[in-house]
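**Q** Input: one structure, supplied below.
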Ligand code: MN
């Protein structure tokens, strides 16, 4: 498969990918649907109005309508876009007037949230991450709580503060309990952290009271983005008992702008981890694999650095509970999903120290500060630090990637 649009072998957006996003341009400030191809964005509304794409999903400021359309529509729209971009198809390739209007440089457009996110749920599904956190804060011999291997632990997050890549994030103010003190103090978070996660957008939902089985999960899962689930560790530590994270997590959650459809990821589906000690309860058992081999990376760029520096290399395959199991568990109570809802995976940590998905783990609660090449040291994130996450699956001579999700931490607002 080859496109008439040219790009390098390490480009994240070849014709095999075709992720969907919402963009606006200087000549047309209306947010609308597009796909990324090479270093360009193809304006899907133009293909629709020219009759080249017989659909009506993309003249909207979000992808919710398209997400709700379901697998058969996703597949046929994708096939039609792929055909229009194919080097052997002349309808777009040889129409220079239309090409002129239909393509924009990615560097020249503004990206918006791909969906109106009604609900956002954050899971905790990487065994190594849960083990690391349990080891640091509780007991190395009983790092995983008794429920962890029996169910995908999660909490209901805050959808209103999910922001698009590039949005600056203010260091939050809040309550923390200083070491050895009895009373909390108020002020800016001192242990600001990132969490490397993947996000999944939900397509068609389910009726209240009607669970989705692991077997049918594929009918409801639209595609993936990168997620940075910003975390205020000191605020989290004081507030999270007994009901879980609150202000430590609701300050902001950053996502990458391009949603990769699962069809583009089929080639990278690999075996799920073995779950036999214990075997999950029947409603969580899953025949089809929902694990994907996707390289993930976290970089930091402090105000004095000229180039970002890699501080972690992980992989989406380091997940214990997969998306189908998360969806089945989330809905087994009868909880209803809606198109555009988002699941985040939980911090994805690999087995080695250099593959941990948070600063908390990389610098081991501040006991092993990270040395950066310019001489700076980090235990947690400082004001002005830009955190950039990227990720891709490596195919034979091509990559299916996300681009990136970035966010800079700004000083806390004065109270
Ligand atoms: Mn998280």
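**Q** What angle, in degrees between 0 and 90 and rounded to the nearest 10, separates the Cα long axis of helix 71-85 from the longest principal axis of the Cα atoms of the chain?
**A** Approximately 60 degrees, to the nearest ten.
**Q** What do you get for Rg/Rh of segment 361-414 when both radii come from the Cα atoms and Rh is the Kirkwood radius?
**A** 1.12
**Q** Out of all DSSP beta bridges with both ends in the chain, state the antiparallel percent to the nearest 5.
**A** 90 percent
**Q** For 356, 7, 120, which order do you get if you count the other beta carbons within 10 Å of each Cβ and list the fewest first?
**A** So the ranking, lowest neighbour count to highest, is 7, 120, 356.
**Q** Rounded to the nearest Å, what's the spacing between the alpha carbon centres of segment 336-415 and segment 228-248? Just the number, please.
**A** Between the Cα centres of segment 336-415 and segment 228-248 lies a distance of 17 Å.
**Q** Using Cα pairs closer than 8 Å and at least 6 residues apart in sequence, work out the relative contact order for segment 233-360, in percent.
**A** So the answer I get is 18 percent.
**Q** Another one. So what is the relative contact order for segment 1-128, in percent, with contacts set as C-alpha pairs under 8 Å and at least six apart?
**A** 30 percent
**Q** Separate question: Ignoring everything except DSSP H segments at least 4 long, calculate the 222 nm mean residue ellipticity for the chain; use -39,500 (n - 2.57) per segment, divide by total residues, nearest 500.
**A** On the way: 10 runs with 73 residues, N = 415.
It lands at -4500 deg cm²/dmol.
**Q** Just 344, 353, 232 to compare: in a GNM of the chain, with alpha carbon springs under 10 Å, which one fluctuates most?
**A** For the chain, modelled as a Gaussian network with Cα springs under 10 Å, the answer is 353.
**Q** Continuing with the same structure: What percent of all Cα-Cα pairs in segment 17-80 falls into each 5 Å bin, going from 0 up to the bin containing the maximum distance?
**A** Whole-percent P(r) values from 0 Å outward: 4, 18, 29, 30, 14, 4, 1.
**Q** Where does segment 180-250 land on Rg(C-alpha)/(2.2 N^0.38 Å)?
**A** 1.61
**Q** For segment 133-241, what mean projected area does the convex hull of the alpha carbons give, in nm²?
**A** So the Cα hull casts an average projection of 10.1 nm².
**Q** Anyone know which of 139, 293, 27 comes out most mobile in the 10 Å Cα GNM of the chain?
**A** Sorting by GNM fluctuation, first place goes to 27.
**Q** Counting alpha carbon pairs within less than 8 Å and at least 6 residues apart, what relative contact order, in whole percent, applies to the chain?
**A** Values: 989 pairs, mean separation 89.7, N = 415.
Reported relative contact order: 22 percent.
**Q** Sort 319, 179 by Cβ crowding within 10 Å, fewest neighbours at the top.
**A** 179, 319
**Q** Here's another thing I want to ask about it. Within 10 Å of each residue's Cβ, count the other Cβ atoms and sort 310, 390, 167 from fewest upward.
**A** Going from sparsest to densest Cβ surroundings: 310, 167, 390.
**Q** Mind checking which of 389, 294, 342 has the largest fluctuation in a GNM of the chain, springs on alpha carbons under 10 Å?
**A** 294
**Q** Would you mind computing Rg(Cα) / (2.2 N^0.38 Å) for segment 246-330, counting N as its residues?
**A** So the Cα radius of gyration is 1.43 times the expected 2.2 N^0.38 Å.
**Q** Note the angle between two axes, namely the Cα long axis of helix 127-137 and the longest principal axis of the Cα atoms of the chain, as a number of degrees from 0 to 90, rounded to the nearest 10.
**A** Around 30 degrees separate the two axes.
**Q** Taking Cα atoms of segment 1-115, Rg/Rh with Kirkwood Rh, to two decimals?
**A** 0.93
**Q** Please report, in whole Å, how far the alpha carbons of segment 76-214 spread along each principal axis, starting with the longest.
**A** Per principal axis, max minus min of the Cα coordinates gives 72, 40, 31 Å.
**Q** Considering just Cα atoms, how many Å³ per residue does the convex hull of segment 129-174 enclose?
**A** Cα-based convex hull of segment 129-174, divided per residue, equals 150 Å³.
**Q** Please compute the modelled spin-label separation between residue 289 and residue 271, points set 7 Å along Cα→Cβ, answer in nm with one decimal.
**A** Between residue 271 and residue 289, the label points sit 0.8 nm apart.
**Q** What do you get for Rg/Rh over the chain if you use C-alpha atoms and the Kirkwood form of Rh?
**A** On the way: Rg = 21.5 Å, Rh = 22.1 Å.
Rg/Rh: 0.97.
Coordinate-derived values only; no laboratory data. Note that this is a predicted model, so its numbers are computed, not measured. Counting neighbours? That spans all protein chains shown, and the Cβs are built from the backbone with ideal geometry, glycine included.
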